[in-house]
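Down below is the structure, laid out as C-alpha cells.
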Amino acid sequence: MTMLLSTALTLVLLTVPVSPARASGDGVDTGKTCNDAGGKYGYKANYRVKVKTKRPKLTHLQAHALPPTGKNSKVVTRESEWTRTLKVKVHYEGSGGLEASVKKLILAKAGTKAGFGLAGVGKRTETKTITVTSSYSNPTKKNQDFVAFAGRTQVKGTFRYRYCWRHRRAEPATIHYRDGRWKSYAVRGSGLVRCGAGEGSRGLTALALKHGCK
C-alpha cells in the first residue's frame, strides 16, 4: 500500500506544469521561442541598460581660512584631502563573471542613457591629495572658512542580457535573460565655497558645505 501511494505521488509531481519563466544555470527562461541558429535570421542577443540613480559624491574635502578680498575676488590654489575612492563595477546578480569587453559595452550604453561619459572598467580616483584652483570672494573684514572640494557624479543602474538558448537539442530554443547591476562615475567637479554663504546651493557644493563647514 505504501509503495502504491509513493508511486502515485511521484506521478502527480511529474505531471505538475512548469512555469514558463524558470531560473536555471542558463538564466531565466521566458518560454518565448526563438531561433538560435545565429547569423542573419537568428535571434540577436542584446543588453538593455537602465539608469537608476545619479548622485554627487565628494572625493576630496578640506577647510581653509582665507583673508578678506574687499569687493573683488581672487584666484587661489588650495590643497584638498582625499576622502573617498569611487570604483567601477559591472556584474551579474549573484555572480561576478563578465568579460571586459561586455563591461565596456554596458558602461558605454549606460553613459548614453545618463547623458555623459562614464569612467571605464577598473578606473577610480587614485590621488590622496589634490589642489583646487578657484576664485573666491570674502567681502567681510576678517578671515572666513572656505571649503576646497572635489567630487564626481556617481551613476548606478541595472542591465538585462537577453539571448536565445536551448537546454537540450530536442527542445525548442527560447529567450532567456540574466539581470545585473553596474555603477560608475563621470568627470570631476571642484570648487571653493565660503561657509555660511551657500544658500540655495546644490550638488557637490551643497555636500561640501554640509560636510566641510563646522
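The values are calculated or read from the model by the stated rules, or taken from the named source; none is laboratory data. As the structure is a computational prediction, the values presented were derived from the model and not from experiment. Note: ideal-geometry Cβ built from the backbone for every residue, glycine included; neighbour counts use all protein chains shown. Side chains are part of the model used for accessible areas, which takes the heavy atoms of the whole protein and leaves out ligands, DNA and RNA. Shrake-Rupley method; radii C 1.70, N 1.55, O 1.52, S 1.80 Å.
A few remarks follow.
- Pairs linking a residue in region 36-54 that is more than 25 Å from Leu107 (Cα to Cα) and at pLDDT below 95 to a residue that is charged (D, E, K, R) and open to solvent by less than 60 Å² (accessible area, probe 1.4 Å), with Cβ atoms under 6 Å and 6 or more positions apart or on different chains, do not occur.
- Residue match in region 178-185 (condition: in a loop (DSSP other than H, G, I, E, B) and at negative phi): no
- The test for being at pLDDT 95 or above and assigned to a strand (DSSP E or B) does not hold for His91.
- Residue selected from region 53-76 under the condition more than 28 Å from Phe116 (Cα to Cα) and assigned to a strand (DSSP E or B), by the criterion least open to solvent (accessible area, probe 1.4 Å): Leu66
- Out of Ala119, Ala114, sole residue that is of a type in the set (Gly, Ala, Ser) and in contact with a Leu (Cβ under 9 Å, 6 or more places away or on another chain): Ala119
- Residue in region 92-107 that is farther than 30 Å from Lys50 by Cβ, in contact (Cβ under 8 Å) with a residue 24 or more places away in the chain and in contact with a Ser or Thr (Cβ under 8 Å, 6 or more places away or on another chain) present: no
- When region 139-173 is filtered for residues that are farther than 30 Å from Arg78 by Cβ, among the small types (Gly, Ala, Ser) and either open to solvent by 60 Å² or more (accessible area, probe 1.4 Å) or assigned to a strand (DSSP E or B) (or both), the ones remaining, listed by number, are Gly157, Ala170.
- In region 39-52, the qualifying residues are those that are of a type in the set (Phe, Trp, Tyr) and open to solvent by 40 Å² or more (accessible area, probe 1.4 Å), and the one that is farthest from Asp145 (Cα to Cα) is Tyr41.
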